[in-house]
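Below is one structure, written out as structure tokens; comments come after it.
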Amino acid sequence: MASVASAPIPRSQVDLVDFVDWRGVECLNQSTSHSLDNALKQGYRDDDGLHLESDADEQLLIYIPFTQVIKLHSITIKAPEEEGPKTVKLFANKEHMGFSDVNDYPPSDSIALCPENLKGQPVNLKYVKFQSVRSLTIFIEDNQGGNDISKIQKIVLYGTTVDTTNMKDLKKIEEH
Amino acid sequence: MVMYSERGVRVLANLYPSNPENTVGVLTMGGKGVRVLVTPTSDLGKILACMHGLEIGDEMNLTAGIQVAQLALKHRQNKKQQQRIIVFAGSPIKYDKKTLEAIGRKLKKNSVSLDIVDFGESDDGKPEKLEALFAAVNNNDSSHIVHVPPGPNALSDVLISTPIFTGDGDGGSGFAAAAAAAAAGGMSGFDFGVDPNIDPELALALRVSMEEERARQEAAAKKAAEEAAKQEKGGEQASSSRDATMAETNSSSAPAVDDKRHNLTDDEAALLEQALAMSMDDPKSTNVAVADTDMSEATADDHELALALQMSVQDNEKDLQSQSEMSKVLEDQSFVSSILHSLPGVDPNDPSVKDLLASLQGQSESQQKQNEDKQENEGDE
């Protein structure tokens, strides 16, 4: 388990929300009225009234693909004290995981959140494990209070890009 | 029993070619144990072939069957496909409600939809159990349950009328419906009243014919507009003796009207044509008037100019009058002499002045002057 160091974000790290490939974002076991957009999308995530909620049980499996390769430095999770997540496992570059798969591979990083983290303090991750991330899977195993439902108000990912070519910036050369 | 359920599967299988990305698999759970007869495939022949030689077991292992089905779906080739299980529950169920509910929750957690067809023997609270399972798994009406009472009706006929076959917003039933197609195709809201899932070729044919009809109508409207424009231009050429500027404005406005007309329907085009014809008549008449009476137009245009013209005409007359007046004044000798006296440096007695005066006036007057001068001279001496 990584230490939950709550350090300020270094200035080079940026909010990776701009690089999320929204078409491929998935969340298993989310409640339909409280979906992942509430926690991840700009605008929604800052509204504390909107949160992500689990449905059948307290576990959540969040899959976030990116538009380009990034390095992940740290993560911020803001959640209520009782229903906020406790054990969070992160998997890099594992597509389409299911709840049965989470025990098949070791996670790239696993963090245990304390109530201070849930107030919005960022958690540094094992940076070396997230050097070339195309997609991120966040598995919320249980919550602080052991409740049946987990709630998350805000998830922010911090990191940098790996300076790959952004295909949209390429302009076709006019052929004569 | 076998025949009925076989037909039910066949009807289901027929739906799948509607979306080429669908895959279907079949497994049985009665008898010896759960057996996967066909792993999910889009090959319809394979699915139908496996229907032969199906056994009817006495009990079915529902939970194991669902779990195996879930596993088979998990290992599907196209991960983007949505997962759906359709259960034909003919035999009695030996599991209790709680177990079934747990299974249902697990399915919901993994976003697997479940369609339940309850038929055959119904005892031991089978319908209730299946209802509990359905309630546990249902998420936003993506799952369905149908109870088929035992009777003379064929299973397939009953199933056709159920939501399992008519489909919901997701685009119908099936083990797998391509998620990409669902996102892009806009499956809710079918054009032409034909479900593109059920019959994509018919839907495509209808759409193409609709577009062709629309293109034909536009071409017809365009053609009508062109013909009307030709008629207009012919009328312009006939009226040759027109003011140059007026003709130019006419011809420039006609193309503009044509452009507008392309967007009009046939009815509006006809009306506009009439209006244009009427407006064409008016300019013709006014043209003649303008050509003939430039001055009147000018006066009409410039009232001040007209006044000025009039005044200038009157002034000419006045000048003439004033000139005549002047001469009369000069003829009045006494007046002239009084003026001359008032003039400094002018001696009325000066002979040059007198001569001048005499020349101005008529001879009779000059003679009078000479007479007066003589009298004055005589008076002086």
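The values are calculated or read from the model by the stated rules, or taken from the named source; none is laboratory data. Just so it is clear, the model here is predicted, and its values are computed rather than measured. Here the Cβ is made from the backbone with ideal geometry for all residues, glycine too, and neighbour counts use every protein chain on show. When the accessible area is computed, the model is the full protein with side chains, heavy atoms only, and any ligands, DNA or RNA have been set aside. Shrake-Rupley method; radii C 1.70, N 1.55, O 1.52, S 1.80 Å.
Looking across the range B:63-118, the residues that are among the acidic types (Asp, Glu) and under 22 Å from A:GLY98 (Cα atoms) come down to B:GLU101, B:ASP115. Entry remark, the range A:100-116: residues being within 14 Å of another protein chain (Cβ to nearest Cβ) and either in contact with a Phe, Trp or Tyr (Cβ under 8 Å, 6 or more places away or on another chain) or β-branched (Val, Ile, Thr) (or both) number 1 in total. Consider the range A:20-56 and keep the residues that are in contact with an Asp or Glu (Cβ under 7 Å, 6 or more places away or on another chain) and open to solvent by less than 40 Å² (accessible area, probe 1.4 Å). The one that is nearest to the other protein chains (Cβ to nearest Cβ) is A:ASN29. For the range B:106-144: of the residues being touching a Leu at 6+ places or on another chain (Cβ under 8 Å) and basic (Lys, Arg), which is nearest to the other protein chains (Cβ to nearest Cβ)? The extreme case among them is B:LYS109.
Sort out which residues of the range B:79-105 are within 14 Å of chain A (Cβ to nearest Cβ), outside any loop (DSSP other than H, G, I, E, B), surrounded by 20 or more Cβ atoms within 10 Å (Cβ to Cβ) and under 52 Å from the mean Cα position of the chain (by Cα), and write them in order of number. Within the range B:79-105, B:GLN83, B:GLY104 qualify.
Scanning for something assigned to a strand (DSSP E or B), open to solvent by 20 Å² or more (accessible area, probe 1.4 Å) and away from chain B (no Cβ under 14 Å), does the range A:88-99 turn up at least one residue? Looking through the range A:88-99, at least one residue is assigned to a strand (DSSP E or B), open to solvent by 20 Å² or more (accessible area, probe 1.4 Å) and away from chain B (no Cβ under 14 Å). Taking the range A:113-129 as the range and being surrounded by 16 or more Cβ atoms within 10 Å (Cβ to Cβ) and hydrophobic (A, V, I, L, M, F, W, C) as the test, the residues that pass are A:LEU113, A:LEU118, A:VAL123, A:LEU125.
For A:GLY84, the requirement of being open to solvent by less than 50 Å² (accessible area, probe 1.4 Å), of a type outside the set (Ser, Thr, Tyr) and either under 30 Å from B:ARG76 (Cβ atoms) or within 14 Å of chain B (Cβ to nearest Cβ) (or both) is not met. Candidates are the residues of the range B:106-141 that are modelled with pLDDT of 85 or more and in a loop (DSSP other than H, G, I, E, B); the one that is nearest to B:ALA64 (Cα to Cα) is B:ASN110. Is it true that some residue in the range A:60-69 is surrounded by 23 or more Cβ atoms within 10 Å (Cβ to Cβ) and not in a strand (DSSP E or B)? No, the range A:60-69 contains no residue that is surrounded by 23 or more Cβ atoms within 10 Å (Cβ to Cβ) and not in a strand (DSSP E or B).
Please tell me if A:TYR158 is open to solvent by 30 Å² or more (accessible area, probe 1.4 Å) and over 20 Å from A:ALA39 (Cα atoms). Here the answer is no, as A:TYR158 does not meet what is asked.
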